[in-house]
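Peer 1: A single structure is presented below for examination.
The values are calculated or read from the model by the stated rules, or taken from the named source; none is laboratory data. None of the values given here were measured: they were computed from a predicted structure. We place every Cβ from the backbone using ideal geometry, glycine too, and count neighbours over all the protein chains shown. Side chains are part of the model used for accessible areas, which takes the heavy atoms of the whole protein and leaves out ligands, DNA and RNA. Shrake-Rupley method; radii C 1.70, N 1.55, O 1.52, S 1.80 Å.
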Amino acid sequence: MTSSAPRPPVRRRAVTAVLAAAALLAGGAPAASAATTPEPRRSASMLTMNLCLSGVAGCFGRTQYPAVVAEAVARVEEHAPDAVTLTEACSGDAEDVAAATGYDLAFSVVVYGGAPLPCRSPEGRGVFGLAVLTREAQVRVEEAPYAAQSGAEERRWACATTVDDLTACVTHLSTAGTPAARAANEAQCGELADVVAAQGTRRAVLVAGDVNRLAPCTPPGTWARTDAAAAQAPGIQHVYGTRAALAAGPAVVLPMTYTDHDGLLVGARRRG
């Protein structure tokens, strides 16, 4: 089920407008720099955001592009999490977030209707998918689609492991709107639990994303935090962590103006 894949290169794009808008949203805070290697971290915080960037989904009309990308950059800069996951992202926009913040990026392409989906309105933003960004350099990426699927949009997961052995994973499960979609969501939830278990419950593993359900998909030995306090679409974005390796902090909902989900930030610290 698991396949290894090299990290995609960051495609250099014009990010001036995004950087300028992000600076305003963040109160003029400078972007993080990747020029120096920080001391080993005991933290393992995770921020997850659903950005609705495809240009196809109904929620895109309220995103005020590129303000939604600038807002994502501002949230990363304000809170400096160890890992960030983006669902309903576009490869070019995810690259802009990585370039603006100095984070390392892995992008997983989501097939739509049998082929990669070019993002629209505007075009030229790459293809639709999921992203994992990390403060530390990524040394291994694994990704795969779920066996259970429903509808035109492929559902999948991706995990990136960093030089300091933190594994950060992203996923987006089926929307449970029909009986077939609910069955797919339930099966995907079970598969996701298997993915977490396969990573090893004694390792530092964080999983985050939009799971489109209230009940967590956690195997034994893991904890869960959700965005149940969110003003937008509460309860369906989750963060899971391995209990033996990570002590979980509180879940903090970060209001988002330009997308239909609020952000979810979960603090965690490595044990030992």
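Peer 1: When the accessible area of segment 103-256 is computed with all protein chains present and a 1.4 Å probe, what percentage of it is carbon and sulfur?
Peer 2: 59
Peer 1: Considering only C-alpha atoms, what is the centroid distance from segment 67-127 to segment 188-227, in Å?
Peer 2: Between the Cα centre of segment 67-127 and that of segment 188-227, the gap is 22 Å.
Peer 1: Determine the order of 154, 123, 71, 186 by accessible area, beginning with the largest, at a probe radius of 1.4 Å.
Peer 2: 123, 186, 154, 71
Peer 1: So, counting K/R as plus one and D/E as minus one, what does the shell of residues with Cβ under 11 Å around residue 51 add up to?
Peer 2: Local charge sum for residue 51: -4.
Peer 1: According to a simple spin-label model (label point 7 Å from Cα along Cα-to-Cβ), what is the distance in nm between residue 64 and residue 152?
Peer 2: Here the answer is 2.9 nm between the modelled labels.
Peer 1: Then there is this: What does the extension gain come out to for residue 232 and residue 257, with contour length at 0.36 nm per residue minus their alpha carbon separation?
Peer 2: Using 0.36 nm per residue and subtracting the Cα-Cα distance, I get 8.0 nm.
Peer 1: Right, something else. With both partners inside segment 104-241, how many of the DSSP beta bridges are antiparallel, as a percent to the nearest 5?
Peer 2: Percentage antiparallel, nearest 5: 80.
Peer 1: Just need the Rg to Rh number for segment 138-272, please, alpha carbons only, Kirkwood Rh.
Peer 2: For segment 138-272, the value is 0.96.
Peer 1: Place a point 7 Å from Cα of residue 183 in the direction of its Cβ. Which residues in segment 130-152 have their backbone N less than 15 Å from it?
Peer 2: Within reach of a label on residue 183: 147-151.
Peer 1: Quick one: accessible area per residue over segment 164-247, 1.4 Å probe, rounded to a whole number of Å²?
Peer 2: Heavy-atom SASA per residue in segment 164-247 reads 36 Å².
Peer 1: Follow-up. Applying 1/(1 + (r/R0)^6) with R0 = 30 Å to the Cβ-Cβ distance of residue 215 and residue 144, what FRET efficiency is obtained, to the nearest 0.05?
Peer 2: With R0 = 30 Å, the Cβ-Cβ based efficiency is 0.85.
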